[in-house]
Amino acid sequence: MPKTAAELHDYLASLGIEVKTVTHPPLFTVADSQNLRGEIAGGHTKNLFLKDKKDNFFLVTVEEDAIVDLKTIHTVIGAASKVSFGKPEKLMEYLGLIPGSVSVLGAVNDSEHKVSIILDEALMRHEIINAHPLTNEATTSIHRDDLMRFLKATGHDVRILSVSTAEVASA
C-alpha cells in the first residue's frame with residue numbers, strides 16, 4: 001500500500017526535515033495551482049511521468065511554467081528511445097500516485113527504485129520547492145537541500161539536468 005500524506009510527513013520528520021504544508025481544494029492542473037500564488041512562496045513544480053520503449057520510467061520535475069520538449073527530452077535524460085507518458089496504473093504501482101497528484105515526493109513509495117528522478121536545473125535555483133504531499137489537496141514547501149536529502153534517503157540517485165526552458169512572457 002502506498003504511504004499516506006501523514007505517513008510521508010512522519011517520514012520527513014524522522015529524517016529531521018521540517019516542511020510547511022498548506023491544505024487547499026484539489027488542484028488538478030498548473031493553472032489551478034497558480035491561483036494560490038502569493039500564499040505559498042518558492043518554486044512551484046510541474047511533474048512529467050514518462051517512459052521509454054524499454055519500459056524505463058522517469059519522473060521529471062520542472063518549474064510550473066517551464067517548457068519541456070517531449071520530442072527531444074529523451075536525449076537529455078538518457079532514455080533508450082523517445083518517451084511517452086506513463087500509464088496511470090504504473091504511476092500508482094511505482095509512486096503510489098494518481099494523475100493530478102504527481103509529485104517528486106512520491107519517491108517515498110518507490111522502494112524498488114523503478115523510477116529515475118530528474119530535477120530541472122532551473123527549479124533547483126529556488127531555495128524552497130513546493131510539491132504535492134501525495135495528494136492534490138495540499139502543497140508542501142521543502143528546502144531544496146532537504147528535498148535532496150529526502151530523495152537520497154529513499155535510495156534514489158537524483159540527476160539535476162537542464163531539461164526545460166522558461167516560458168516566454170507575452171509583451
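The values are calculated or read from the model by the stated rules, or taken from the named source; none is laboratory data. Note that the coordinates shown come from a computational prediction; the quantities given were computed from them, not determined experimentally. Note: ideal-geometry Cβ built from the backbone for every residue, glycine included; neighbour counts use all protein chains shown. To get the accessible areas, we keep the full protein, side chains included, count just its heavy atoms, and leave off ligands, DNA and RNA. Shrake-Rupley method; radii C 1.70, N 1.55, O 1.52, S 1.80 Å.
Looking only at segment 38-66, residues that are surrounded by fewer than 17 Cβ atoms within 10 Å (Cβ to Cβ) and either modelled with pLDDT of 95 or more or out of contact with any strand residue (DSSP E or B) (no Cβ under 8 Å at 6 or more places or on another chain) (or both) come to 4 in all.
Flag: SER164 matches the condition of being under 14 Å from VAL60 (Cα atoms), among the hydroxyl-bearing types (Ser, Thr, Tyr) and modelled with pLDDT under 95. Each residue in segment 101-122 was checked for being assigned to a loop (DSSP other than H, G, I, E, B) and open to solvent by less than 20 Å² (accessible area, probe 1.4 Å), and 3 pass.
Annotation note: Cβ proximity below 6 Å between a residue of segment 1-26 that is within 16 Å of ASN109 (Cα to Cα) and part of a helix (DSSP H, G or I) and a residue that is of a type in the set (Ser, Thr, Tyr) and modelled with pLDDT under 95 (sequence gap 6+ or interchain) occurs for ALA5/THR135. Considering only residues in segment 85-99 that are open to solvent by 60 Å² or more (accessible area, probe 1.4 Å) and part of a loop (DSSP other than H, G, I, E, B), the one that is farthest from GLU137 (Cα to Cα) turns out to be LYS87.
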